[in-house]
Amino acid sequence: MNKFGCNLLALCMIFGGTSVLANEENTSHLNDRLEAAKTDAKRFKSALLRAQKSNREQVEKLTSELNLATSKTSELEKEIEGMRKESLSRVQTLKQELERIQHKSANLQVELSSAKQHSHEQIAELTAQLTSSRLEAGKVKDELLAARKGNTTQIDSLEIELKNAHTKMNGLKNELAEAKTLNAKQLKNFTAWLYNAKNDAEGLKRQISEEQNKFSDQVNQLQAQLSLANQEKSDLMLDLARAKENHQDQLLTMQEQIIIAQAQHEQMRENFQNERSLQYSSNNQNQMSYPESMQACCCPQPLPPIVCYRPNVEESTSWIRGEILVWTAEAGTLDFVIPNFPVSSTPLGQTGEVEEAKFGWDPGFRVEVGHRFRPDFWELALQYTYINIDGTDSFSRPSDPTRVLMPTKDNVSTQATDSARSKVDLFYNVFDLMLARSFLPTKQLIVRPTMGLTGTWMDREMDVKYNGVGSPSNETHNRDKWEFHGGGMRVGIDLDWYIGSGFSLFGKSSLAALIGYYKNTFEADTNNAGSNLPPATIENAKYDDQRIATHLQMQMGPQWGKMWNDVGILIFAGYEVNAWFNVEEMRYSNPTNTTSTITPRHTVINTSTLGMQGFVGKIQLNF
């Protein structure tokens, strides 16, 4: 029946009359003119793009050269300033050396004058002693001559005194000769030192003069280069201004041509639509009626272009998807040390920046398998997510004696804290069984609401160690761990906004509520090394309950896909953020200094949101 209807429609079109042929000829003529107008518009646009690219490249080249000239000018100015500072520093050093030598020369002149005076005084003293000895010897000789006329005993005594006087006089002559020789040597040495000092001073003066002349020459050369660089910079700025002016003129000309071509194109389109309306009116008068089923057979409606790049939402399909995760985590309960705690005022509370244990970036994965069922095209998908994120941190005692390394966890050591180390580990496992339905509300948007069951088992462990100052070192060890195992319900929505050429912007979000078993363990102990106390347990407690946890997930990024009949591929790269509520919890007690069994140990609870975020890359195969 459908084949018969199509044949009947073909016969009607053959025998439509000469008016149909005429309309077709007019339509063909208008189509040719419309295509010509489109070609002109594309040609003008291509010329405009080429002119924009050429002018943009010219402007970028001139701008780059201008930046290089500016950079060269700055470097020359810095070099001149550096040379000026270096020359001034060297001249200042030489001047200081010259002043030192001049001061030394003045001191040598003073010492030379003092030595000359001392030499003259010593020679005069020795000459006076020698004269006195000679007079004494003459007196003794006269007495001896007079005594020879007297008794013999007195003559012998006088001869001995005369001999002693001659010996003393000879000694004084030797001392006088030695003093003259020594003073001559000292005068010679001082004269040589003074001469050398004067030569050094003259050499330094020549160096200072040469340095100043050398600096003047170099500065003159650099200033000449700087002048050339400034001239080149000015020329480049003029070229850049002219290039921008030419670019604006070309843009205005091309824009005018494009406006004219677009106006011609719109006029041709309007004429073409009028001719088609007349043609359709004429054809409707000459055509005979036929059933709607024949129309559907012979004139099917085209499908939206998105089905060439995404699975058709009205067809059955299966898929398998793999995702690579590179995530980190954060929580507000992981503080363990204050690295620079002041000790001058000894505050009662915390003072300074509190450091926390930080997670690193670690890889994980997510896999999913699913199928879309006929006849209503509901989708069923099973998904599993796994990642293990850890991190380590450490701090040492500050070198500043007014600062200490202050723990924020339990630490009953009798020694000051020398180092603190932390390690955190997060194990994350999630299963999802989801039911979904994809819709195509517009030609470029796929909406996919989801709902289903979810389950998780996850735990976070934190390990902190404080080492004391001493030998042996006292170590305090804190361990905190929580676990959550639960299941519940999840709802969400996926949006795939198609852009073109297989590319789209993909986003998804989901919200889950789970109820499950929660367990929290907190322990602390110390080995009491360096003291007479035995190892001791500070805390060892466990807490568990049934609780409700919520999970918020958001993901967004670009996506590309392609379909070959029933087989297709999807590639996604984006970012994902996760937030878990009512699972991250730190429990501990206020330590006391008493062992009393009636003193209460109050529980302190520190809670926070557990966040996970990072990059996601995935590949999905449809078949």
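The values are calculated or read from the model by the stated rules, or taken from the named source; none is laboratory data. None of these values were measured; they are calculated from a predicted model. Cβ atoms come from the backbone with ideal geometry, glycine included; neighbour counts cover every protein chain shown. Just so you know, the surface numbers come from the protein's heavy atoms only, side chains and all, with ligands and any DNA or RNA stripped out. Shrake-Rupley method; radii C 1.70, N 1.55, O 1.52, S 1.80 Å.
Solvent exposure of residue 249, expressed as accessible area, is near 80 Å², computed with a probe of 1.4 Å over the protein chains only. A 1.4 Å probe, protein heavy atoms only, puts the accessible area of residue 376 near 90 Å².
List the residues whose amide H sits under 5 Å from the amide H of residue 584, counting only those 5 or more places along or on another chain, with H placed 1.01 Å from N in the peptide plane. Those qualifying (amide H under 5 Å, at least 5 residues apart or on another chain) are 608, 610.
Over region 46-130, accessible surface divided per residue gives 68 Å², non-protein components excluded, 1.4 Å probe.
Using R0 = 30 Å, the C-beta based FRET efficiency linking residue 182 and residue 102 works out to 0.60.
Anisotropy class assigned to region 476-532 is oblate, per the alpha carbon gyration tensor with a/c at or over the 1.5 cut-off and a/b no larger than b/c. With 19 Å as the limit, the listed pairs 443/618; 72/244; 465/519; 85/233; 139/168; 104/188 have 443/618; 72/244; 465/519; 85/233 beyond it between alpha carbons. Remark on residue 359: its backbone amide H falls under 5 Å from those of 329, a criterion applied only to residues 5 or more positions apart or on other chains, H modelled at 1.01 Å from N.
Taking every protein chain into account, the 1.4 Å probe leaves residue 95 with about 90 Å² of accessible area, to the nearest ten. Using a probe of 1.4 angstrom, how much of the accessible area of region 383-501 is carbon and sulfur, in percent? On region 383-501, the fraction of accessible area on carbon and sulfur atoms equals 59 percent. Summary of packing: across the peptides 315-328, 198-211, the per-residue average of other C-beta atoms within 10 Å ranks them, highest first, as 315-328, 198-211. Sorted from greatest to least, the principal axis extents spanned by the alpha carbons of region 121-246 come out as 141, 14, 13 Å. Distance between the 7 Å Cα→Cβ label points at residue 260 and residue 536: 9.8 nm. Each residue of region 374-385 was assigned a 3J(HN,Hα) from its phi angle through the Karplus expression (A = 6.51, B = -1.76, C = 1.60, θ = phi - 60°), giving 7, x, 9, 6, 6, 10, 10, 9, 10, 9, 9, 10 Hz with x at Gly and Pro. Taking θ as phi - 60° and the Karplus parameters 6.51, -1.76 and 1.60, the scalar couplings of region 609-623 work out to 7, 8, x, 9, 8, x, 8, 10, x, 9, 10, 10, 10, 10, 8 Hz in sequence order, x denoting glycine and proline. The aspartates and glutamates whose alpha-carbon is closer than 14 Å to the alpha-carbon of residue 358, local same-chain residues fewer than 8 away aside, are 330, 335, 390, 393, 425, 461, 463.
Per-residue extension of 0.36 nm, minus the Cα-Cα distance of residue 217 and residue 619, leaves a gain of 137.8 nm for this segment.
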